[in-house]
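Below you'll find the structure, written out as structure tokens, and then a few comments.
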Amino acid sequence: MKNEQNPSIRQVKIYSIVTLILIILGSGLSYWTAGRIEFYSDAVMHTTEVLQRTDQLYSSILERETNIRGYGLTGNEEFLTNYHQSNVDAELLLSQLQALTMDNAQQQNNIEELRGLINTRVRTFDATIEYMKEHRNLIGFIDPIKINNALGGYRMIKQLVLEINEIENKLFKERNQSLFNNINALPFIVGLISIFSITIGLVTFFSIYQYNKTQQVASKEITLYQEKLRDQIKLLDDSNKELESFAYVASHDLQEPLRKITAFSDLLNEQYKDKLEGDGDLYLSRITAAAVRMRLLITDLLDYSRAGRIDDEKIKSVKLYKVISEMLEDFEIAIKDKSANITLGKLPKVRGSGTEYRQVFQNLISNSLKFSKPGVNPEISITSEKASQELIGKHSSLNINGNYHWIKVSDNGIGFEKQHADRIFSIFQRLHGKKEYEGTGIGLSISRKIIEKNGGVIFAESSLGKGSTFNIILPFTNT
Amino acid sequence: MFVIQYMLMSFEKPIHILVAEDDEDDKLLILKAFERTLPKEKVTCVEDGEALLKYLKRTAPYDDVEKYPKPDIILLDLNMPRKDGREALAEIKSNEDLRSIPVIIFTTSNSVDDIQATYKMGSSSFITKPGSFEELVKVTEEIENYWSKTVKLPG
């Protein structure tokens with residue numbers, strides 16, 4: 001069944017799944033990028049803080065230099081207080097820097113080195129302050145070597161601070177770049193996914209549109225076919241009715257001249273019989289006999305054209321047992337004449353006209369009596385059972401899902417050859433000469449017409465000399 | 001044989017029958033059948049409804065009262081050219097002078113519609129033409145017998 005699915009529907013399914021995957025993928029990617037952006041902005045902030053702290057550290061170092069110089073020149077204690085404050089600041093900043101650059105070994109080394117340099121410098125300052133406190137001035141303390149050392153120490157500190165700054169600056173640039181890269185990537189990714197989704201959406205829309213269009217065309221065609229079919233059924237109905245009325249009118253009008261042939265033959269026979277010479281008498285009787293037979297045929301044809309006409313007023317629930325037993329009562333004499341034994345089983349109620357069903361079974365019984373074996377008492381049985389699914393399936397005119405009665409009329413008569421089983425139901429078809437068995441050959445065709453008009457099927461089974469069975473399949477009635 | 005019959009019949013006044021029949025064969029057969037019980041001159045034929053009305057109203061060529069006397073009963077075919085039996089019946093039954101004449105429908109039709117319609121219009125009987133001459137004779141005898149002996153006619 002899946003293969004019969006419209007390809008467009010399958011396409012739409014695939015498009016939808018692809019779009020969903022893309023959106024999930026895009027969301028994941030965006031989330032990841034957002035994470036990266038956060039990471040890098042944190043990193044940039046971090047670097048900025050390191051730079052800031054380094055700057056503050058350098059300021060505090062400079063401040064200390066200034067304060068020690070001021071103290072050395074003036075001996076003012078206030079400078080000393082500021083100097084100590086600077087020392088504490090520097091120590092704090094160093095610790096902060098150390099903590100901030102935990103992830104960077106190079107900077108840790110640099111900071112450790114800076115701390116060493118600062119400590120050396122502090123020791124020199126401490127010695128200077130001691131001397132100053134003792135002598136009130138620095139005369140005799142400062143010598144060219146000391147000055148040289150001080151300059152060198154300061155230069156090294158400056159150098160190292162610059163280096164730390166440079167490394168951090170470099171890091172800042174890198175991280176900033178990454179941050180920008182990620183920020184730039186985000187709209188690109190989102191845009192790309194949007195474009196994909198929109199494209200697929202358009203394709204899907206187009207597919208559905210196309211599919212709908214095809215559907216519309218198809219349903220239009222179906223409607224057209226239905227209309228055509230309805231027209232043809234009506235045409236068929238009309239032509240059927242026309243045919244029926246044709247048969248009726250034709251046979252009715254055919255009776256007119258025939259009536260006159262009969263009447264004038266009678267007149268001729270009555271008034272001039274004595275005057276007819278040679279075979280004249282015989283010819284006249286032949287004309288009369290032929291006219292009588294033709295009259296019979298026409299009456300039968302009329303009956304046939306009338307049979308099974310759907311007349312809603314006559315259609316009702318018919319108790320077959322009642323109809324058949326009443327019919328048998330009327331045929332009592334013929335049945336007794338033949339010493340026939342007729343048995344009726346349990347028979348159902350069926351839909352249709354009682355008169356017509358009576359005609360059907362009357363035809364079948366009279367056939368069985370007529371075609372009985374010479375010297376053998378006719379045994380006729382009428383039984384009914386529910387038709388099996390298999391039996392229903394054999395007849396295309398029956399509804400395979402419907403419920404049907406299977407009525408069997410069996411006899412022990414002369415039977416007929418298998419190949420004639422269908423022929424006997426055709427109009428005016430006879431298996432025997434007119435002299436052997438009387439009748440026009442209309443009975444079974446009328447029976448078939450009645451049964452078929454009531455939604456059933458009739459068929460015969462027999463073999464020569466073995467009796468025959470007439471099977472009637474009729475739908476269940478719900479009333 | 002026939003002579004004796006005529007003699008017996010002469011005790012009663014034989015009725016006069018007017019037959020409206022377009023078919024030559026049927027006309028011949030009906031006349032032949034009536035000949036068995038009635039003198040020839042007691043049965044007159046006209047070929048359609050128009051002629052029937054002319055006869056009854058004594059318009060030409062039926063203005064000779066001696067030759068074309070007022071009928072006691074009318075035998076009317078339904079399907080005829082020009083004016084058919086139904087129209088003729090309607091006209092007769094709407095005419096004050098003619099409506100008392102019994103009209104017997106004598107046709108090939110045996111349709112229920114025709115039977116009901118013609119009785120409603122005032123016909124006295126409806127007879128379907130029989131198949132054989134023998135039966136036809138029987139029917140004509142019965143008609144003659146009934147309308148001349150069994151019933152009293154307005155005259």
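Points to keep in mind about this one:
- Only one of the listed residues (B:K129, B:K120) is within 11 Å of another protein chain (Cβ to nearest Cβ) and either free of Cβ contacts under 8 Å to residues at least 40 places away in the same chain or under 17 Å from the mean Cα position of the chain (by Cα) (or both). That residue is B:K129.
- The residues of the stretch B:86-100 that are under 21 Å from B:E144 (Cα atoms) and touching a helix residue (DSSP H, G or I) at 6+ places or on another chain (Cβ under 7 Å), listed by number, are B:L89, B:L98, B:R99.
- Exactly one residue out of A:S305, A:S317, A:S251, A:S265 is outside any helix (DSSP H, G or I) and farther than 28 Å from A:K373 by Cβ: that is A:S317.
- Residues being among the charged types (D, E, K, R) and more than 8 Å from chain B (Cβ to nearest Cβ) - total across the stretch A:259-297: 8
- Among the residues of the stretch A:141-150, the ones that are open to solvent by less than 70 Å² (accessible area, probe 1.4 Å) and either within 15 Å of A:T74 (Cβ to Cβ) or without any contact (Cβ under 8 Å) to a residue 12 or more places away in the chain (or both) come to 1 in all.
- Just one residue in the set A:D274, A:D281, A:D300 is in a helix (DSSP H, G or I) and in contact (Cβ under 8 Å) with a residue 60 or more places away in the chain; that residue is A:D300.
- Which listed residue, of A:R155, A:R175, A:R121, is open to solvent by less than 60 Å² (accessible area, probe 1.4 Å), farther than 24 Å from A:E77 by Cα and outside any loop (DSSP other than H, G, I, E, B): A:R175
- Enumeration of residues in the stretch A:370-407 that are of a type in the set (A, V, I, L, M, F, W, C), modelled with pLDDT under 90 and over 48 Å from the mean Cα position of the chain (by Cα): A:F371, A:V376
- Every test in (1) among the β-branched types (V, I, T); (2) assigned by TED's automatic domain parsing to the domain that holds A:Y31; (3) at pLDDT 85 or above is passed by A:V190 save one, and that test is (3).
- When the stretch B:99-120 is filtered for residues that are within 21 Å of B:Y146 (Cβ to Cβ) and either at pLDDT below 90 or not aromatic (F, W, Y) (or both), the ones remaining, listed by number, are B:R99, B:S100, B:I101, B:P102, B:V103, B:I104, B:I105, B:T107, B:N110, B:I115, B:T118.
- For the stretch B:132-148, filtering for residues that are in contact with a strand residue (DSSP E or B) (Cβ under 8 Å, 6 or more places away or on another chain) and open to solvent by 20 Å² or more (accessible area, probe 1.4 Å) leaves 2.
- The test for being open to solvent by 90 Å² or more (accessible area, probe 1.4 Å), within 14 Å of chain A (Cβ to nearest Cβ) and either modelled with pLDDT under 90 or in contact with a helix residue (DSSP H, G or I) (Cβ under 6 Å, 6 or more places away or on another chain) (or both) does not hold for B:M7.
- Among the candidates A:E242, A:E256, residue that is within 11 Å of chain B (Cβ to nearest Cβ), surrounded by fewer than 17 Cβ atoms within 10 Å (Cβ to Cβ) and assigned to a helix (DSSP H, G or I): A:E256
The values are calculated or read from the model by the stated rules, or taken from the named source; none is laboratory data. Predicted model, so just to flag it, every value in this text is computed and none were measured. For neighbour counting, all protein chains shown are included, and Cβ atoms are generated from backbone atoms with ideal geometry for every residue, glycine included. Side chains included, ligands, DNA and RNA excluded: accessible areas come from the protein's heavy atoms. Shrake-Rupley method; radii C 1.70, N 1.55, O 1.52, S 1.80 Å.
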